[in-house]
Number of protein chains: 4
Amino acid sequence: MSHDRDFDFRSDNVACVAPEVLTALADAARGSVSSYGEDPITQRVEARLKELFDHELSLFTVATGTAANALALAQLTPGWGSVLCHKEAHIATDECGAPEFFSSGAKLAPLDGAHGKITAEAVAAHLARDTRGVHHSQPMAISISQSTEAGTCYTPDEVAAIGAAGARHGVRFHMDGARFANALASLRCSPAEVTWQAGVDAMSFGVTKNGAMAAEAIIFFDTALAEDFGYRRKRAGHLFSKGRFAAAQFDAQLTGGLWLRLAAHANAMASRVAQGLAAIPGVALLHPVEANELFVLMPDAVIDGLEKAGFLFYRWPTEEGPCIRLVTAFDTEPAHADGLVAAIRAAA
Amino acid sequence: MSHDRDFDFRSDNVACVAPEVLTALADAARGSVSSYGEDPITQRVEARLKELFDHELSLFTVATGTAANALALAQLTPGWGSVLCHKEAHIATDECGAPEFFSSGAKLAPLDGAHGKITAEAVAAHLARDTRGVHHSQPMAISISQSTEAGTCYTPDEVAAIGAAGARHGVRFHMDGARFANALASLRCSPAEVTWQAGVDAMSFGVTKNGAMAAEAIIFFDTALAEDFGYRRKRAGHLFSKGRFAAAQFDAQLTGGLWLRLAAHANAMASRVAQGLAAIPGVALLHPVEANELFVLMPDAVIDGLEKAGFLFYRWPTEEGPCIRLVTAFDTEPAHADGLVAAIRAAA
Amino acid sequence: MSHDRDFDFRSDNVACVAPEVLTALADAARGSVSSYGEDPITQRVEARLKELFDHELSLFTVATGTAANALALAQLTPGWGSVLCHKEAHIATDECGAPEFFSSGAKLAPLDGAHGKITAEAVAAHLARDTRGVHHSQPMAISISQSTEAGTCYTPDEVAAIGAAGARHGVRFHMDGARFANALASLRCSPAEVTWQAGVDAMSFGVTKNGAMAAEAIIFFDTALAEDFGYRRKRAGHLFSKGRFAAAQFDAQLTGGLWLRLAAHANAMASRVAQGLAAIPGVALLHPVEANELFVLMPDAVIDGLEKAGFLFYRWPTEEGPCIRLVTAFDTEPAHADGLVAAIRAAA
Amino acid sequence: MSHDRDFDFRSDNVACVAPEVLTALADAARGSVSSYGEDPITQRVEARLKELFDHELSLFTVATGTAANALALAQLTPGWGSVLCHKEAHIATDECGAPEFFSSGAKLAPLDGAHGKITAEAVAAHLARDTRGVHHSQPMAISISQSTEAGTCYTPDEVAAIGAAGARHGVRFHMDGARFANALASLRCSPAEVTWQAGVDAMSFGVTKNGAMAAEAIIFFDTALAEDFGYRRKRAGHLFSKGRFAAAQFDAQLTGGLWLRLAAHANAMASRVAQGLAAIPGVALLHPVEANELFVLMPDAVIDGLEKAGFLFYRWPTEEGPCIRLVTAFDTEPAHADGLVAAIRAAA
């Protein structure tokens, strides 16, 4: 269904596309280039990412965030491995078993943790348990989302602590960066600090939610991991023939810091809503608002009122009571945010 | 690598993008729409395809032709099945085992056949062999490419005969239509005649090679097959979040017959080259030129000369001697075709 | 390692083999018979099981209980399915991801429940949650162990309630009967009552722990499920060539009620230990003793003492404190049980 | 079906069990031992095999030859690999896709070759073709059967030449030794000469067809390959709980050279039949008789006559004309062989 942009807070994937991305696609649509990622744009994006992350890396574009996560994890763990993650991680709840499928049956080991974040302590405790022995899936990787499904961000110190806890047991470290730009815009740290310097071996890096059309990638900081990954991607049907167009979207995002500007705007819109809600009695935030998502506890009657007013969002049942999820995007305007706050105030 | 369009005959996936497709993408990049294929453009494309094929059908867009083929086949056969196909089929030689992967290990049963086509007789003979018994993979599906890897097309009668041979054994029928537009433009039959009316249960339908960026799909004519296919696609990482953009490319192609116009042009360019070559001694066509690909037998010295002249193409070793593959596309210009012929004449 | 039988309470798989089973194997080792399960012994066992269960069924012998469980579940759920089970089920904790592997990545959905048993309420609550939607694994099957990993048994009513809760959502029902004989000997109900009459579609039926060498099987009460299962078993490497010998072990067990007699003895030995422990202060049972396993809470010092006295068993850490697992078998003698109790009394 | 032993030449898996094996099983059925292969018999067998092969090795028992082959190959190749083998290899024609299943979709690359044997030349030619590139499955392993499906044996030189051809391309080498004893008894070379000294990395080693009940194993000569293989076996359901009984069968076979004695007898019976057939006009051997299988070309009328006379065997259609397969076993008696020859003579 098509909707008024001002009422739609369902997800950042209902948003449209940044004009710069469209322009880049049109620019890329000229002349002949080698297919299957052997084109100059893909090569330029890889070079830019090396500079951005200040590290050697290997880049593999794919069609979706689910593909990026599942293929990356399949590269990090054999089928008899397990992957530690937050119990509400996207890989655990929203990918219809893609990580299990691509890894030939690896298990996810869901951990608890406040505000969508696992802790180094929980990781260490899990890994300390003796599960060596042929009857049990073996911990092989950790996966965290940055920003998280709860709209929060791991600090570089938190990431590094988790990475260190895993490294002590020889466990690999993956980051789901479907909203990495939002995290970075929020944390104001360098990309390196919060990834390879903190022990991350591989990450899913997506800009689809940040104003692209379909631009997701896997980045290996440990490039040895990338050696035969091309085969894995190909046989998953994720090697684009006209690779330049996936690359062009990244290229546009990385030009002049567009990606961080777009993400900072989305984050600012979420903060604006959060500030507006602070003054409304009976309404409370479930999690700190650190990126572009808000989880708002409110009475069912208020939720119903908001829906009747034409707003779109997801109900997000919690143990703490009725709750909704609101997501802002690069194209959410201040007026949209204000309109949403006003509607909640009116309904409350 | 980026190249002069006029010298590049490597593939139709080195080609650029039709302006109409770019415009459609820009038009689609407005406002909020439901994600994951619940958008109005996807719905419109599905409706248009029903009209085009004059049949009920289910549409699933995916990222690549490999994904379309492998996911479709995995829906048609369990892991203990086998898929009859031409020994040079894309699924057999160019997908790095994707059909085997997605189907949990089904086998391809490669058949011989002139000019890239399998015959109903070969299918019937294979199926007549008694392979019932638990030790053997069971024939479950047939897959043909339309147009074929040899640049030829199956006539509606040929397709129907293969379909009938399979149906007698309860075997499903898949068509790889990565170049379906080229076939249709060549055959001048209706889409229905050469698909479901001829027994095709499922097809891969791609327009990427025909002037789109990345627009591939699976179509189920037997919609019962589509029932749980959404799960299969999702866990393969092939459910686009911003589904409208895959759909918009199909929409542009299907508007005003663009797809057939583009394909007819590509075919015409291949014919133009074929006609030009007819007059050159020492040069011969390996296969009839019925779509947008030419396989040209020529002495190694001529091939070397063509390369030195700056032309790009693939060497395609055959038992008949040295050979090259030449592919034309929607954006191949008559002057490009003529330049190629002239260069071959000069080298010969 | 080889050990004195009287000190070894590690598992019923450290036990030896009943003489009747040995005799049956020797008897079967005569003359020529068709291989791959087409032999008269396999046919006789299937007929006997039909009589025993008073129902049509299909029998498939396999090498291990893990194979029986994982292959059965793979037949009940596609890769995008989930299987509800107790969080301490063997399939969840002790099979190194075999169910995930054979099912191409189906998820286990672990449920809580006292004494190793899930409840119909927990099943109903899980299934009532709306997980329809392509992003989520779909509940496709329930699996319970009979007897459970906690040494308890589901009553026929409990099984039927779970079966009914699943049936309301079209979910299949599997029983892990690696210790089915122990359960039956304890429940004193008919095999039918606690299986197909209670909604069980498929069960793993094992007698290895009950005095056989390696005799495990999958039984489908819904024989439609068995239609193509032979292929699944074959390609898993679980179709014995000399099938008569797997069958002969079942044959011996089913002759004259041997299987129930052996299981009743193992259960009685567990009860004897339980009764002995009742009088020892500081020692408590974690679960009711309803089959042939005991979980005994005792101070670490007592555990250490028991080990020093030469007894073999597994430490089984619980939230309730230090605990050990003790397993009796068909060949545990009353004197062994009494010796164990005496040793615990001495250590306490 | 149960049959007279003297008329049954269908396979060596219709044969019974050697008394020594039965005795060993009865002897093993005493007392408590650690389960899951941690028992003294398994350890003794591994030690004996090291001595026999004069090399370090790792042993993993499994239930069937199909399991041994498929699990070994899955350890040698990722899903994007291909395995070179004879086009009539058991792995290619008789395992219902087990190698493809366990390897997550690796391809078999069938090679031609006289008398069931591939040649080093064919291997070298296949590997010399440039298939590097992400679109193609990558050659990762070679698998040969010793003795072959045609009842012939590779000489140590032939094996070494194949091994060397593979090693030049970094390709692993597997031997299917379901009838390894027959090969060794025929070749009269040392086990080492024809395995690791000839480049074999891993082998399937079976004695089921040679008078055991169900005793198959994977042996890794490159023990680095075995490092995590225990997990692969476990999740395939091929880790026997009462591992001592699989081991005991090997133990009996390896005691006093029983395995070679039994195999030599089976081979001698095949030779006896071959010699008898030499004098019968209209009957010819399709392959040299080097182990315990004969492939005999004969007119359909003779085949019919033999069937009418009550003999059991498989028809084995060939391009050379009507053919039957005859298999002798450890328990085929000279009188059985002579009776078979007499019956063929009578029918001819």
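Just a few scattered comments:
- Within the stretch B:187-194, none of the residues are acidic (Asp, Glu), at pLDDT 95 or above and either outside any loop (DSSP other than H, G, I, E, B) or crowded, with 24+ Cβ neighbours inside 10 Å (or both).
- Subset of the stretch D:130-163 [under 14 Å from D:HIS86 (Cβ atoms) and not aliphatic (A, V, I, L, M)]: D:SER143, D:SER145, D:GLN146, D:SER147, D:THR148, D:GLU149, D:GLY151, D:THR152, D:CYS153, D:TYR154, D:GLU158
- Hey, B:GLU46 buried (at least 24 other Cβ atoms within 10 Å of the Cβ) and free of Cβ contacts under 8 Å to residues at least 24 places away in the same chain or not: no
- Residues in the stretch C:128-146 that are among the aliphatic types (A, V, I, L, M) and open to solvent by 50 Å² or more (accessible area, probe 1.4 Å) were compared, and the one that is farthest from the chain's Cα centre (by Cα) is C:ALA128.
- The single condition among (1) surrounded by fewer than 15 Cβ atoms within 10 Å (Cβ to Cβ); (2) among the small types (Gly, Ala, Ser); (3) assigned to a helix (DSSP H, G or I); (4) touching a residue at least 60 places away in the same chain (Cβ under 8 Å) that A:ALA337 does not meet is (1).
- Test: D:ASP130 is free of Cβ contacts under 8 Å to residues at least 12 places away in the same chain and of a type outside the set (Gly, Ala, Ser): yes
- The stretch D:288-309, subset among the acidic types (Asp, Glu) and open to solvent by 20 Å² or more (accessible area, probe 1.4 Å), residue nearest to D:ALA278 (Cα to Cα): D:GLU290
- Any hit, the stretch A:246-254, residues being within 9 Å of chain B (Cβ to nearest Cβ) and either surrounded by 24 or more Cβ atoms within 10 Å (Cβ to Cβ) or in contact (Cβ under 8 Å) with a residue 40 or more places away in the chain (or both): yes
- Considering (1) more than 18 Å from the chain's Cα centre (by Cα); (2) of a type in the set (D, E, K, R); (3) open to solvent by 50 Å² or more (accessible area, probe 1.4 Å), the lone condition that A:ASP39 does not fulfil carries the number (3).
- For the stretch B:107-162, filtered to residues that are within 14 Å of chain C (Cβ to nearest Cβ) and among the β-branched types (Val, Ile, Thr), the residue that is nearest to D:PRO317 (Cα to Cα) is B:THR131.
- Which listed residue, of C:ALA98, C:ALA109, is under 17 Å from the mean Cα position of the chain (by Cα) and within 20 Å of A:SER103 (Cβ to Cβ): C:ALA98
- Residues that are surrounded by fewer than 24 Cβ atoms within 10 Å (Cβ to Cβ) and either among the polar types (S, T, N, Q) or touching a helix residue (DSSP H, G or I) at 6+ places or on another chain (Cβ under 7 Å) (or both), drawn from the stretch D:92-107: D:THR93
- Within the stretch C:114-127, considering residues that are of a type in the set (Gly, Ala, Ser) and surrounded by fewer than 20 Cβ atoms within 10 Å (Cβ to Cβ), the one farthest from B:GLY37 (Cα to Cα): C:ALA114
- Residues satisfying the stated conditions in the stretch A:203-227, i.e. part of a helix (DSSP H, G or I) and over 17 Å from B:PHE240 (Cβ atoms): A:THR223, A:ALA224, A:LEU225, A:ALA226
- Residues (in contact with a Leu (Cβ under 6 Å, 6 or more places away or on another chain) and open to solvent by 40 Å² or more (accessible area, probe 1.4 Å)) located in the stretch D:154-186: D:HIS169, D:ARG172
- Identity of the residue in the stretch C:16-28, in contact (Cβ under 8 Å) with a residue 12 or more places away in the chain and more than 26 Å from C:ASP6 (Cα to Cα), that ends up surrounded by the fewest Cβ atoms within 10 Å (Cβ to Cβ): C:ASP27
- Looking across the stretch C:269-285, the residues that are over 13 Å from C:VAL302 (Cα atoms) and surrounded by fewer than 17 Cβ atoms within 10 Å (Cβ to Cβ) come down to C:GLN275, C:ALA278, C:ALA279, C:LEU285.
- The set of residues in the stretch B:299-322 that are assigned to a strand (DSSP E or B) and more than 25 Å from B:ALA264 (Cβ to Cβ) comprises B:ARG315, B:THR318, B:GLY321.
- When the stretch B:17-53 is filtered for residues that are in contact with a Phe, Trp or Tyr (Cβ under 9 Å, 6 or more places away or on another chain) and farther than 22 Å from B:LEU239 by Cβ, the ones remaining, listed by number, are B:VAL17, B:ALA18, B:PHE53.
- Selection count, the stretch A:166-190, where residues are under 14 Å from the mean Cα position of the chain (by Cα) and in contact (Cβ under 8 Å) with a residue 40 or more places away in the chain: 10
- Positions within the stretch B:310-327 being buried (at least 22 other Cβ atoms within 10 Å of the Cβ) and under 18 Å from B:GLY116 (Cα atoms), in sequence order: B:ILE324, B:LEU326, B:VAL327
- B:GLU319 vs. criteria in contact (Cβ under 8 Å) with a residue 40 or more places away in the chain and of a type in the set (D, E, K, R): no
- Taken together, the residues in the stretch C:217-244 that are touching a residue at least 40 places away in the same chain (Cβ under 8 Å), closer than 25 Å to D:GLY206 by Cβ and open to solvent by 10 Å² or more (accessible area, probe 1.4 Å) amount to 6.
- Hits in the stretch C:252-306 - residues which are more than 14 Å from C:ALA185 (Cα to Cα) and small (Gly, Ala, Ser): C:ALA252, C:GLY256, C:ALA274, C:GLY276, C:ALA278, C:ALA279, C:GLY282, C:ALA284, C:ALA301, C:GLY305
- Check on D:VAL296, outside any helix (DSSP H, G or I), in contact with a strand residue (DSSP E or B) (Cβ under 7 Å, 6 or more places away or on another chain), touching a residue at least 12 places away in the same chain (Cβ under 8 Å) and of a type outside the set (Phe, Trp, Tyr): yes
The values are calculated or read from the model by the stated rules, or taken from the named source; none is laboratory data. All figures in this text were calculated on a predicted structure; none of them were measured in a lab. Here the Cβ is made from the backbone with ideal geometry for all residues, glycine too, and neighbour counts use every protein chain on show. Please note that ligands, DNA and RNA were not included when accessible areas were found on the heavy atoms of the full protein model with its side chains. Shrake-Rupley method; radii C 1.70, N 1.55, O 1.52, S 1.80 Å.
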